[in-house]
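Chemist: Dropping a structure here in C-alpha cells format, bear with me for questions.
Please treat every number below as a calculation from the coordinates, not as lab data. What you see is a predicted model, and the numbers here were worked out from it, not measured in a lab. Please note: Cβ atoms are built from the backbone with ideal geometry, for glycine as well, and neighbour counts cover all protein chains shown.
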Amino acid sequence: MRIATIIYHLALTFWVGGAALFTFTLTPTLFRSYPRDMAGGIVGVLITGYFCWGLACGVIALLCLFLTRTQGRSAKVASLLLVIMVSLTAAQAFLIVPRAAALKRDIPSFDTTPPDHPVRIQFRKLHGVSAVANLAVIAGGIFLVILTVPKTRDQDKIPAP
C-alpha cells in the first residue's frame with residue numbers, strides 16, 4: 001500500500017511541522033508583537049484549530065500505518081508512539097484547553113491581575129502541563145520522522161541533487 005505510506009508520511013510531517021511552526025514561531029511572534037492580553041486572545045482563538053489539525057493528522061497517520069500492515073519492532077514502536085501522541089493531543093483539546101479557557105474568563109487581564117492570584121496560578125499550572133504535552137508530541141513526531149528515514153548503504157553521504 002504505497003499510497004498509505006505516502007499519506008502516513010505527509011500526515012506526520014504536516015503535524016510536526018504545524019506544531020513546530022505554531023509553538024516556536026507563531027506564538028512567540030504574537031506575544032512579542034502585541035500586548036499580552038491581545039496575544040493571548042489571538043492564541044486562544046487559534047488553539048482549537050491547532051489541536052483539531054493535530055488530531056486529524058494523528059488519526060490519519062495511525063490509520064495509514066494500520067493500512068500498510070507493516071510489522072516488526074519499528075511498526076509497534078510507531079503505533080504506540082502515535083497512540084500516545086494522539087492521546088496527549090486529545091487531552092489538550094478536550095480537557096486542558098476548555099479548563100484553561102474557563103479559568104481565563106475569570107482573569108480580567110494578565111497585565112493587571114497579580115501573578116500570585118489563585119486563578120492565575122491554576123492557569124499557569126494548566127499551561128505548563130499543556131506545554132510539556134505539546135513538546136512531547138513534537139519530540140515524538142520528530143522521532144517518528146527519523147525512524148522512517150530510509151536506510152542506505154553509506155549513511156554518511158548526502159545524495160547529490
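Chemist: Please give the charge dipole size of the chain, origin at the Cα centre, charges +1 on K and R Cβ atoms and -1 on D and E Cβ atoms. Round to the nearest 20 debye.
Modeler: 400 debye
Chemist: Hey, rough spin-label estimate for F24 and V83, points 7 angstrom out along Cα→Cβ, what's it come to in nanometres?
Modeler: Modelled inter-label distance: 2.9 nm.
Chemist: Can you figure out the FRET efficiency of I3 with I146, using R₀ = 22 Å and their beta-carbon distance, to the nearest 0.05?
Modeler: 0.45
Chemist: Report the gain in length on full extension from Q122 to T13: 0.36 nm times residue separation, minus Cα-Cα distance, nm rounded to one decimal.
Modeler: Computed gain between Q122 and T13 is 35.9 nm.
Chemist: Work out the FRET efficiency for V59 and S109 from their Cβ-Cβ distance, taking R0 = 41 Å, and round it to the nearest 0.05. Could the numbers behind the result be given before it?
Modeler: Numbers: r = 37 Å, r/R0 = 0.91.
Using R0 = 41 Å, I get an efficiency of 0.65.
Chemist: Would you mind calculating the relative contact order of segment 56-124 from Cα pairs under 8 angstrom and at least 6 residues apart, reporting the percent as a whole number? Please report the intermediate quantities before stating the final value.
Modeler: Numbers: 23 pairs, mean separation 16.8, N = 69.
Once divided by the residue count of segment 56-124, the mean separation gives 24 percent.
Chemist: Another question, then. Using 0.36 nm per residue of separation minus the Cα-Cα distance, give me the extension gain between Q71 and V129 in nm, one decimal.
Modeler: My answer for the length gained is 17.5 nm.
Chemist: Simple spin-label model, 7 Å along Cα-to-Cβ: R32 to R99 in nm?
Modeler: 3.2 nm
Chemist: Can you give me the span-like helices of the chain, meaning DSSP H runs with 20 Å or more of Cα extent along the axis and Kyte-Doolittle mean at or above 0.0?
Modeler: Correct list, ordered by number: 2-21, 36-68, 73-91, 118-147.
Chemist: Output the relative contact order of segment 2-147, whole-number percent, from Cα pairs under 8 angstrom with separation of 6+ residues.
Modeler: About 34 percent, as a whole number.
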